[in-house]
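See structure below.
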Amino acid sequence: MDPMNAVIWLIATPLLSVPVVYLAGRLVARKAGDSSTINPARWVALAAMLVTGVFLFVAGQSVATTSNPIGMTVETITLRFDGISLVLAFSVWLLGTLVILFSGPYMKAEVGEEKFYSLLMAMIGTMIGLGTAVDLFNLWVWFEAMAISSYMLVAFYREEPASLEAGVKYLVQSAVGSVLILMGIVVVFMYTGTLNPDVFRMYLMPWPGLIGAGALFIIGFGVKTALVPLHTWLPDAHSQAPSGISAMLSGVVIETGLIAMLRSLGALSEVYNWGIILVIFAAVNMLVGNLMALRQKQVKRLLAYSSVAHMGYMLFGLGVALSFGQSNGAAGGFFHLFNHAMMKGLAFLGVGALLYALHLARGDHSPLMVEDLNGAARKYPWVVLTLSIGLLALGGLPPLAGFMSKWQILVAGAQTQNVWMIVLVVFMGLNSVLSLGYYAPLVNRMYRTQPSDIVMEGKPVSWLMTLPLILLAFGTVVLGFYPALLNWLTKPAALALFQTFGR
Amino acid sequence: MSMNVPSVFLIVVIGLLGVGLYALLTVRNLIKVVVALQILVKGAMLAFVLVGRLTGQVNLGQSLALTVIVADTIVAVVGLTLAVQVRRKFGSLDIKDLTTLKR
């Protein structure tokens, strides 16, 4: 198959499956009328993901072997599938497929299951599409479409006050961010008369208006990326969404915001050294994320704050790459992006499995507290084992995947030979140790305490929920031992980052 | 004294953005928050039309504005849907009453 067609179908398949998933689920649910029949929506969604995987393979193989982006023009819209798009599409596809598998038993008791899967497919399709956008306005359209599907998924438990509150907060903050992005686009449009960065990038000068546009992009996309003063929606949305969606939000949605930000700043690369700004936000994100996570009592909120910290690690790698031309840092940043999708996906799904067994299966929507995990290993050995691997990998314990990508970022920072960067490398190392201060007690609690009453009364966890956990844990361990396995993914992405910034 | 069309547009754009931002910071009713967001986006939309005219690409500017209308209407619909549900569950539309997650 032609790689160009593969890219078009890679985006189109999930989007075209949205109505099919909904209708299949709706018609069967209406006809059956009771909860004993299995809703086919999830199987249709899974089939669509597998078809998408074939197209991803064809497109990805072309990009990974030649390192050349696949460019194409549909009507007047230019799409380009490069290394960054590949990292994003691969992470989204992998995590999306496993989340659909996991959500089968998790969402079984919920009303309107088919809506869940069709919105999820819409989110997956728009995220893959966002990676390929070249034009600034086109980028905004994908971004907004992704945001809309995620608003509805965050507030999916529409009878729960807490979910509604999280949804409202998320919607208002993101919508303001998206207006700021629009204003940034207006400013660029005014200066250049076009929206295609390939046309205008090279002749831009550091005009103050364009620096303002860049600042608007950073703030606007920064809301979705959870840059620190703009992160307040994140713990609420991540903790209140259904666990599969928490995994998607934390694993790929905030990273999609990051990639959108990189693309928009790449258009303005001649205007200012944006890498330094990213490094500053990186330091703040690491510290605030870790400190806030330390004092959380709810497990999902804890993991949500840890996403803020991990966003800081990614920003550091990418910022170093942009301001010092270290392609190592870019590769490390994208490696960490992919690893974070796996590790945080694993952690949220593992916690979700326990939340389901201990609370949701009994119709109780209260949050999973840290104390509820006491002695969970006795009753749920596989879930707890995989969850512990995920948590320790997030904390950066060797030889797990999280250590390898953090290490690569640290090396890139040290290689700059810049005093400030080396100070930040030490700071990041200390932060990583600090983060063990909340991951390790969770593992300790699950293995080394007497089971609490709530664990003893817990419901069983289905194998369909355990399977994605085992696969993700396996990936985390294998990448820890053989990090070079992902070079095909991270090298083209690093190259594409420099191309995005016109270097 | 006569003003040319672009400067009138510019004043309206700035006015809409200012009113929207001010309203967003001050109003507490959830429906009014959605309206404030709408006012902000209308400002951005008008700015697209204005810049399209200034750069001599009237069609492009207007088509961008139309796309913004489509995307933004959906955001408004979702926002109002949440508002209806908030009114049902909290018995109030005041955003100060949304405190289940505050800590």
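The values are calculated or read from the model by the stated rules, or taken from the named source; none is laboratory data. Keep in mind that what you see is a predicted model, and the values were worked out from it rather than measured. Heads up, the Cβs are rebuilt from the backbone with ideal geometry, glycines too, and the neighbour counts pull from every protein chain shown.
Of all the criteria given as (1) in contact with a Phe, Trp or Tyr (Cβ under 6 Å, 6 or more places away or on another chain); (2) assigned to a helix (DSSP H, G or I), the one not satisfied by A:ASN431 is (1).
Against the condition buried (at least 24 other Cβ atoms within 10 Å of the Cβ) and free of Cβ contacts under 8 Å to residues at least 60 places away in the same chain, how does A:LEU249 come out, does it pass? Walk me through how you get there before you give the answer.
On the way: buried (at least 24 other Cβ atoms within 10 Å of the Cβ): yes; free of Cβ contacts under 8 Å to residues at least 60 places away in the same chain: no.
For A:LEU249, the condition - buried (at least 24 other Cβ atoms within 10 Å of the Cβ) and free of Cβ contacts under 8 Å to residues at least 60 places away in the same chain - is not met.
If only one of A:THR78, A:THR97 is among the polar types (S, T, N, Q) and in a strand (DSSP E or B), which one is it? First the steps, then the outcome.
On the way: A:THR97 fails: in a strand (DSSP E or B).
A:THR78 is the lone residue from the list that is among the polar types (S, T, N, Q) and in a strand (DSSP E or B).
Sort out which residues of region A:334-389 are part of a loop (DSSP other than H, G, I, E, B) and of a type in the set (Gly, Ala, Ser), and write them in order of number.
Looking only at region A:334-389, we keep the residues that are part of a loop (DSSP other than H, G, I, E, B), and these are A:359, A:363-368, A:374-375, A:380.
Passing the criteria: A:GLY363, A:SER366, A:GLY375.
Within region A:192-222, being in contact with a Gly (Cβ under 6 Å, 6 or more places away or on another chain) and over 24 Å from B:GLN38 (Cβ atoms) holds for one residue alone: A:ARG201.
Which residues, taken from region A:455-485, are crowded, with 18+ Cβ neighbours inside 10 Å and β-branched (Val, Ile, Thr)?
The first filter runs over region A:455-485 and keeps only residues crowded, with 18+ Cβ neighbours inside 10 Å, leaving A:455, A:458, A:461, A:465-466, A:468-469, A:472-473, A:475-476, A:479-480, A:483.
Listed by number, the residues that qualify are A:VAL455, A:VAL461, A:THR466, A:THR476.
Just so you know, in region B:65-99 the residues that are among the hydroxyl-bearing types (Ser, Thr, Tyr) and under 20 Å from B:LEU24 (Cβ atoms) include one that is modelled with the lowest pLDDT, and it is B:THR99. Of the listed requirements (1) at pLDDT 90 or above; (2) in contact with a helix residue (DSSP H, G or I) (Cβ under 7 Å, 6 or more places away or on another chain), A:TYR272 misses just one: (1). Contact annotation: no residue pair with Cβ atoms under 8 Å, 6 or more positions apart or on different chains, pairs a residue in region A:270-281 that is outside any helix (DSSP H, G or I) with a partner that is basic (Lys, Arg) and at pLDDT 90 or above.
For A:VAL443, the conditions (1) out of contact with any helix residue (DSSP H, G or I) (no Cβ under 8 Å at 6 or more places or on another chain); (2) closer than 16 Å to A:MET369 by Cα all hold with the exception of (1).
All told, B:ALA36 meets the bar of being at pLDDT 90 or above, at the interface with chain A (Cβ under 10 Å from one of its Cβ atoms) and surrounded by 19 or more Cβ atoms within 10 Å (Cβ to Cβ). Looking at A:ALA162, A:ALA147, A:ALA166, just one residue is in contact (Cβ under 8 Å) with a residue 24 or more places away in the chain and more than 21 Å from the chain's Cα centre (by Cα), and that residue is A:ALA162. The set of residues in region B:12-33 that are farther than 15 Å from A:ALA175 by Cα and facing chain A (nearest Cβ under 10 Å) contains only B:VAL13. Out of region A:10-27, which residues are over 21 Å from the mean Cα position of the chain (by Cα) and buried (at least 19 other Cβ atoms within 10 Å of the Cβ)? A:SER17, A:VAL21, A:TYR22, A:ALA24, A:GLY25, listed by residue number.
Selection of region A:134-156 for residues being within 13 Å of chain B (Cβ to nearest Cβ), surrounded by fewer than 24 Cβ atoms within 10 Å (Cβ to Cβ) and either touching a His at 6+ places or on another chain (Cβ under 7 Å) or not in a helix (DSSP H, G or I) (or both) yields A:ASP135, A:PHE156. Reported count of residues in region A:157-210, each being surrounded by 24 or more Cβ atoms within 10 Å (Cβ to Cβ), within 7 Å of chain B (Cβ to nearest Cβ) and either within 21 Å of B:GLY91 (Cα to Cα) or not hydrophobic (A, V, I, L, M, F, W, C) (or both), is 6. Residues in region B:66-103 that are in a helix (DSSP H, G or I), surrounded by 14 or more Cβ atoms within 10 Å (Cβ to Cβ), among the hydrophobic types (A, V, I, L, M, F, W, C) and touching a residue at least 12 places away in the same chain (Cβ under 8 Å): B:VAL68, B:VAL75, B:ALA76, B:LEU80, B:LEU82, B:ALA83, B:VAL86, B:ILE95. Taking the numbered list (1) assigned to a helix (DSSP H, G or I); (2) within 8 Å of chain A (Cβ to nearest Cβ); (3) free of Cβ contacts under 8 Å to residues at least 24 places away in the same chain in turn, B:ALA44 passes all entries but (3).
When the test is whether a residue is outside any loop (DSSP other than H, G, I, E, B), facing another protein chain (nearest Cβ under 10 Å), at pLDDT 90 or above and within 20 Å of A:SER178 (Cα to Cα), B:GLN62 does not pass it. If you go through region A:455-481 and pick out every residue that is under 22 Å from A:GLY244 (Cβ atoms) and among the β-branched types (Val, Ile, Thr), you end up with 4.
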